[in-house]
Amino acid sequence: MVRFILRRLLQMVLAFFGTTLIVYALMFAGQGDPIQALAGERPVTEAQRAYLTEKFHLDRTGIDGFFYRYFDYIRNLLQGDLGESLTGRQIGDILAAAWPVTIKLALIAMAVTVLVGVTAGVLAGVRRASIFDNSTLLLTLVVLAVPTIVLAPIAQYLLGVRWQLFPPTAGADPDFYSLLLPGIVLGSLSLATALRLTRTAVAENLRADYVRTARSKGLVKRRIVGIHVLRNSLIPVVTFLGVELGNLMGGAIITEGVFNIPGVGFNLFRAIRTEDGPLVVGIVSVLVVVYLIANLVVDVLYAVLDPRIRYE
Amino acid sequence: MRGNRPTRGSERKAGAVSQSAVQPTPASPTPEGGHLLEVRDLHVEFRTGEGVAKVINGVSYHLDAGETLAVLGESGSGKSVTAQAIMGILDTPPAVIRSGQIRYQGRDLLAQSEEQRRQVRGTEIAMIFQDALSALNPTFPVGWQIGETLRQRAGMSRGDARRRAIELMELVKIPAAASRLGDYPHQFSGGMRQRVMIAMALALNPKVLIADEPTTALDVTVQAQIMDLLSDLRRDLRMAMILITHDLGVVAGVADRIAVMYAGRIVEHADVRSLYKTPAHPYTKGLLESIPRLDFHGQQLSTIRGLPPNLMRIPSGCPFHPRCPYVQQVCVDVVPHDLVLGDGRTSACHFAQEVRDDRAR
Amino acid sequence: MSDFETVAASEDPHARRGPSGEPNAPNQIGGTSVTPGRPRSLAGDAWRDLRRKPIFWISSALVLVVTAMAAVPALFTTADPADCLLSRQHAGPSGGAIFGYDFQGCNTYARAVYGARASLLVGALSALLTGLIALTVGMLAGYFGRWIDAVLSRVIDIVLGIPLLLAAIVLLKRVASDSATIRIAAVIFVLAVLGWTTTARVVRSSVITAKEQDYVSAARMLGASNSRIMWRHILPNTLAPAIVVLTIALGSFIAAEATLSFLGIGLKEPTISWGIDINNGRVHMRESATPLMVPSTFLALTVLAFIMLGDAIRDAFDPKLR
């Protein structure tokens, strides 16, 4: 187990360098004026230009300069120094304020996903081809197909503005209630996927040979489904949920933007709108790291759940 | 019966009448005077989108306390389905039990509620399966899986179940049992896994053990060990055993009686010695002749020509007739009765006597 | 994160074969014998199955309508989407404007109709480009195997691991030009570069299956060249599954384009895109909700149509998944 985690950790370090290098190269390689690229169409003041040149070591040129800058960027990233946004605020401070909100939102979305998605998925899997199964299949297909940019504003309009069941926007220091609707919207996609995954896994595992064995042991059906089938069915689902938690934290760009929730995604949303290059780069870098860590956690979780992986 | 050519619709009925007319021959008596376990005229269908497959067409056999019955047949002959019907673990749908009885200690299991049947599983009748790797749950340690039966069914505490699980694993001769309790199925070798499976089946001291192709997935050397183990355990624990197999070689040293199945029917039923010596059904004869023998030098190994029947379109008359070297017009027209040949032997062949006496072939 | 990835993720990663035990598989029982009867092809069966599905017909009809809308928008409206008058801001429905006017005073319905073009163009061309990349990579990896497969599979893993929306943001931020053509090309390029992996995996596995077929070995023994085997024998086998995945991907690409335009980094005005209009409508939803609802409905139905169509075809071809 320890060896497995160590190996995964090593792979993650490699993936970290690989991914950040790609992100970094995409952002900076072969540009005419990297500073202008960072700032987009906004005019850049001399002070900002000087700061960015120093910050990203843009005075060094060529491949050598690129790698120098890359490692400098990594060092800063690892030290938690993300630099300043174009508005002059420390990006680290912005994120420190944003993370708790984003995590709260992601946890609400995850809770909705697990409670509704997995439960309904198990039911649909057990009663395959029933009315319940067929209608959930169709419903999840619709949810999967409707983009968040449609779902979020319409939910906001109908449930928030029109019928006033929920606060339409969250504001500076959102409480649980004002995060509930965005949480449901954010979780709906993962919910639909989790439901489908659970359904397929349960339906498949119900036909597995070990279920026949469990029946021949004289176990009650509830126990066979609840312990034997569920344990095996949840392996792909938990894997998916782990990746999804990483996604939910970084992927709330639309939802946080629409509902005005001051989380990480909202800041990225605003940074894109205001063309604040350094802030976009800083947030994306951090999100990529979060994403990688989420993947590592998932792998370890996978090994805990599935003994066949553990001893490979 | 001549000229009464059965149509597809009446075929099953005709077979049912003829088979139920045969009275089971008396064997060692059980408390109630009947058999410990008895299958009577069982009919099972599988209904799928493509049609109805008649998987079991009037199977009857019995098992007495302490004896071993081997059920022999190729895959698709319905031997496993019969066993699963006895256990009550057929998947319904697609399986439908059309008619018949399965009597255990005089009570008809098919008339019982699901809850009553569940109580029988494991405590009275237990079953082991062909592929232990897929039959064991991959995500729980084997000790847990053996203990689960004890905790759930016998109400044992965690500690007691653990101790008993070790005893059971020692009983099936798993070395260093205590230290292997926490291992997962995939960490065992094939033979050891099958032993775990057996230990699990024995947990509640069943009176009947159904072994569904217990050695098919194993290496030849391991096969013998598992068969020996099963045979010893059956004797020591005074169980009765139904051994399901397609391998005539496995049966010889272990079974008391053999029932040969073909296309969802029992075509021949005899004690082991007579069946090997004088098979009374062309199918059995064909099976025996297709076994390689050390004392038959230089002879070509014979095979049964043709393919097993499509169970959605079982041939008219005797279902074996398209493959039978003895085939006559009557075989195409008339479903054969079980012919009683004495010594408790039956054969569902119009020419059973001729086949039995025809040693030259 | 994006609709794009979740649809792909809804495929079961551990798709295993069904029951292996003899009693659970009655078709296996009869399977060994030769069944006299009409020959049935997979495509024929799939078509028979599809014909009975209302979802297939509904989604096909929607796809046809939206394609016609993209090709000849004048069929659906005579109004000019660029004809905007601030004096008509949020004006109610009238003659040529069945859904009234938006914040800018543009005809909401006309804009929604004309928005189909950009969406479908991006969706179709991204799917085409994706298909080309995926077929090339999948074919090379699946056919040659060994180290080529190892390297390409690793590349697939890495690209699959990159969060699509974040990477698209980073890439598109670098496109400074406001020219409509360049922006459309950039969005297509970005979506294809990030979105080809799922299809490539599907192609790779069907190539591997096809490669094992007897007739391919026969062709090889008869001295056919690698390229001939790939073109003539293997490619046709991989097309059907690839097209199914691409149909679903097309829907996801349309959603992704709208999302990027919604964020302000995809297409930009004056190009008419549902994503841009949804964002504008959202901002002013308190005054009037129709300018939000109309493009939202158009976008949702279009994406839904492609995804349901792909889903229905896949189900028909692979009933085991149900």
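The values are calculated or read from the model by the stated rules, or taken from the named source; none is laboratory data. Being a predicted model, the structure only gives us computed values, none of them experimental. Positions of Cβ are generated from backbone atoms using ideal geometry, with glycine treated the same way; all protein chains shown enter the neighbour counts.
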Yes/no for residue A:186 being part of a helix (DSSP H, G or I), more than 9 Å from every other protein chain (Cβ to nearest Cβ) and crowded, with 24+ Cβ neighbours inside 10 Å: yes
Residue that is nearest to the other protein chains (Cβ to nearest Cβ) [pool: residues in region C:264-279 that are surrounded by fewer than 19 Cβ atoms within 10 Å (Cβ to Cβ) and in contact (Cβ under 8 Å) with a residue 40 or more places away in the chain]: C:268
Residue match in region B:154-165 (condition: facing chain A (nearest Cβ under 10 Å), surrounded by fewer than 24 Cβ atoms within 10 Å (Cβ to Cβ) and part of a helix (DSSP H, G or I)): no
Verdict on residue A:160 being at pLDDT below 90 and within 14 Å of chain C (Cβ to nearest Cβ): yes
Considering residues of region A:220-243 that are within 30 Å of residue B:151 (Cα to Cα) and of a type in the set (Gly, Ala, Ser) only, the residue nearest to the other protein chains (Cβ to nearest Cβ): A:233
Selection count, region A:216-230, where residues are free of Cβ contacts under 8 Å to residues at least 12 places away in the same chain, surrounded by fewer than 24 Cβ atoms within 10 Å (Cβ to Cβ) and assigned to a helix (DSSP H, G or I): 5
Residue check, residue A:246 in contact (Cβ under 8 Å) with a residue 40 or more places away in the chain, more than 8 Å from chain C (Cβ to nearest Cβ) and either of a type in the set (D, E, K, R) or in a helix (DSSP H, G or I) (or both): yes
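This table checks each residue for (1) crowded, with 18+ Cβ neighbours inside 10 Å; (2) more than 14 Å from the chain's Cα centre (by Cα).
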{"position": "B:179", "(1), (2)": "no, yes"}
{"position": "B:199", "(1), (2)": "yes, yes"}
{"position": "B:202", "(1), (2)": "yes, yes"}
{"position": "B:215", "(1), (2)": "yes, no"}
{"position": "B:218", "(1), (2)": "yes, yes"}
{"position": "B:266", "(1), (2)": "yes, no"}
{"position": "B:269", "(1), (2)": "yes, no"}
{"position": "B:278", "(1), (2)": "no, yes"}
Breaking point among (1) within 14 Å of another protein chain (Cβ to nearest Cβ); (2) more than 15 Å from the chain's Cα centre (by Cα); (3) of a type in the set (A, V, I, L, M, F, W, C), for residue C:122: (2)
Which numbered condition residue B:70 fails, given (1) buried (at least 24 other Cβ atoms within 10 Å of the Cβ); (2) more than 9 Å from chain C (Cβ to nearest Cβ); (3) farther than 23 Å from residue B:336 by Cα; (4) not β-branched (Val, Ile, Thr): (3)
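To keep it simple, each residue is scored yes or no on (1) touching a residue at least 60 places away in the same chain (Cβ under 8 Å); (2) touching a strand residue (DSSP E or B) at 6+ places or on another chain (Cβ under 7 Å); (3) closer than 20 Å to residue B:126 by Cα.
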position	(1), (2), (3)
B:226	no, no, yes
B:236	no, no, yes
B:243	yes, yes, yes
B:264	yes, yes, no
B:290	no, no, no
B:308	yes, no, no
Among residues of region C:286-312, those that are over 16 Å from residue A:142 (Cα atoms) and surrounded by 22 or more Cβ atoms within 10 Å (Cβ to Cβ), counted: 4
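One line per residue, one yes/no per condition, for (1) modelled with pLDDT under 75; (2) assigned to a strand (DSSP E or B); (3) in contact with a helix residue (DSSP H, G or I) (Cβ under 6 Å, 6 or more places away or on another chain); (4) surrounded by fewer than 20 Cβ atoms within 10 Å (Cβ to Cβ):
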| site | (1), (2), (3), (4) |
| --- | --- |
| B:9 | yes, no, no, yes |
| B:22 | yes, no, no, yes |
| B:34 | no, no, no, yes |
| B:39 | no, yes, no, no |
| B:52 | no, yes, no, yes |
| B:65 | no, no, no, yes |
| B:75 | no, no, yes, yes |
Options B:98, B:121: the member that is among the charged types (D, E, K, R) and in contact with a helix residue (DSSP H, G or I) (Cβ under 7 Å, 6 or more places away or on another chain): B:121
Some residue of region A:28-45 being more than 14 Å from every other protein chain (Cβ to nearest Cβ) and either assigned to a helix (DSSP H, G or I) or modelled with pLDDT of 75 or more (or both): yes
Test result for residue B:335, assigned to a loop (DSSP other than H, G, I, E, B), touching a residue at least 12 places away in the same chain (Cβ under 8 Å) and of a type in the set (A, V, I, L, M): yes
Qualifying residues in region A:46-96 (those that are of a type in the set (Ser, Thr, Tyr), over 26 Å from the mean Cα position of the chain (by Cα) and assigned to a loop (DSSP other than H, G, I, E, B)) - the one modelled with the highest pLDDT: A:87
Those helices (runs of 4 or more DSSP H) lying entirely in region C:222-322 with at least 1 residues among the polar types (S, T, N, Q) and within 30 Å of residue C:143 (Cα to Cα): C:235-263
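With the requirement that a residue be within 21 Å of the chain's Cα centre (by Cα) and within 17 Å of residue B:172 (Cα to Cα), what does region B:134-159 give you?
B:136
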Residue match in region B:288-304 (condition: under 20 Å from residue B:71 (Cβ atoms), in contact with a helix residue (DSSP H, G or I) (Cβ under 7 Å, 6 or more places away or on another chain), outside the structural domain of residue B:53 (by TED's automatic domain parsing) and not aliphatic (A, V, I, L, M)): no
Selection status of residue A:149, within 8 Å of chain C (Cβ to nearest Cβ) and over 15 Å from residue A:261 (Cα atoms): yes
Residues being more than 13 Å from the chain's Cα centre (by Cα) and at pLDDT 85 or above - total across region B:225-253: 15
Scope region A:258-271; condition facing chain C (nearest Cβ under 8 Å) and under 17 Å from residue C:278 (Cα atoms); matching residues: A:258, A:269
Residues within region B:200-217 that are within 11 Å of another protein chain (Cβ to nearest Cβ), in a loop (DSSP other than H, G, I, E, B) and closer than 19 Å to residue B:117 by Cα, tallied: 3
Any hit, region C:132-145, residues being more than 30 Å from residue A:294 (Cβ to Cβ) and not in a helix (DSSP H, G or I): yes
Of all residues making up region C:172-203, the number that are farther than 18 Å from residue C:121 by Cβ, surrounded by fewer than 24 Cβ atoms within 10 Å (Cβ to Cβ), more than 15 Å from the chain's Cα centre (by Cα) and modelled with pLDDT of 85 or more: 1
